[in-house]
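In what follows, a structure is listed as structure tokens, so that the remarks can point back to it.
The values are calculated or read from the model by the stated rules, or taken from the named source; none is laboratory data. Not measured: the values here are computed from a predicted model. Using ideal geometry, Cβ is built from the backbone for each residue, glycine included, and neighbour counts are taken over all protein chains shown.
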Amino acid sequence: MRKYLFIILLNLLFFAAYQYYRLPNVVDRVRSSVVYIQVQGVDGDRWSGSGVVVGDGLILTASHVIDDANMVTIISDDGGKIKSSEFFMSKDLNNVDLGLIVVSETNRPATLSWDDVEIGDTVFAVGSPYGLQNSLTVGVFSAYDRIVQDERLYQLDMPGNPGMSGCPVFNRYGSVIGILVRGAHCGIALVVPIEMCQVIVGVYESVQRTTNK
């Protein structure tokens, strides 16, 4: 009898784990941390990008999304809007294409992954290509250490369309492995690894602690 109960319990646990890590369920859990960024430049031009909440009042994106920005409007998955004109750039960090937007409030932060990602792993991005907010894109991790303009990037087999710059790339468990900064509709995307994402957040927090002393 105990043997059958153990088998039933094992099957229930397996089914629960399977449901928890099904891609639709994983995407549903992470969507609230992803934002659509509408930018108004200092010269009046307008463009857009994507970003992800990484801390209390902090949104991580690509620095070229907020270069020359005067004001940004952050649109969350539920349609809420917040404006900001406070930015923190990472140009002193070996030309890493990352930047932070500081806002008054945010949704729940995403989980940043320190797990190794392997070539062939399934990954996915949630961004706003062509302004289509929080669209899902699925791809494959293709290569480490692609050097582009002295920047070390991951390569993905995944389209990177306009408007996706700054969007988070997740592993199959829903943890962020990097930020998409370059791409093409032909199916190649380049991503700043998570280590550098952690560095810029750490630098910002260090600056804030020094400033607030």
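Some observations on this one:
- Spans of strands (runs of 3 or more DSSP E) in the stretch 115-192 with at least 1 residues of a type in the set (V, I, T) and surrounded by fewer than 21 Cβ atoms within 10 Å (Cβ to Cβ): 122-127, 135-148
- Scanning the stretch 31-72 for residues being buried (at least 23 other Cβ atoms within 10 Å of the Cβ), touching a residue at least 60 places away in the same chain (Cβ under 8 Å) and outside any strand (DSSP E or B) gives a total of 3.
- Listed by first and then second residue, the pairs linking a residue in the stretch 191-213 that is more than 18 Å from P168 (Cβ to Cβ) to a residue that is part of a loop (DSSP other than H, G, I, E, B), with Cβ atoms under 8 Å apart and 6 or more places separating them unless they lie on different chains, are V203/S90; V203/L93.
- The residues of the stretch 75-103 that are more than 17 Å from the chain's Cα centre (by Cα), modelled with pLDDT of 85 or more and part of a loop (DSSP other than H, G, I, E, B), listed by number, are D78, G79, G80, S85.
- Count - residues of the stretch 114-172 that are of a type in the set (S, T, Y), within 25 Å of S48 (Cα to Cα) and touching a strand residue (DSSP E or B) at 6+ places or on another chain (Cβ under 7 Å): 5
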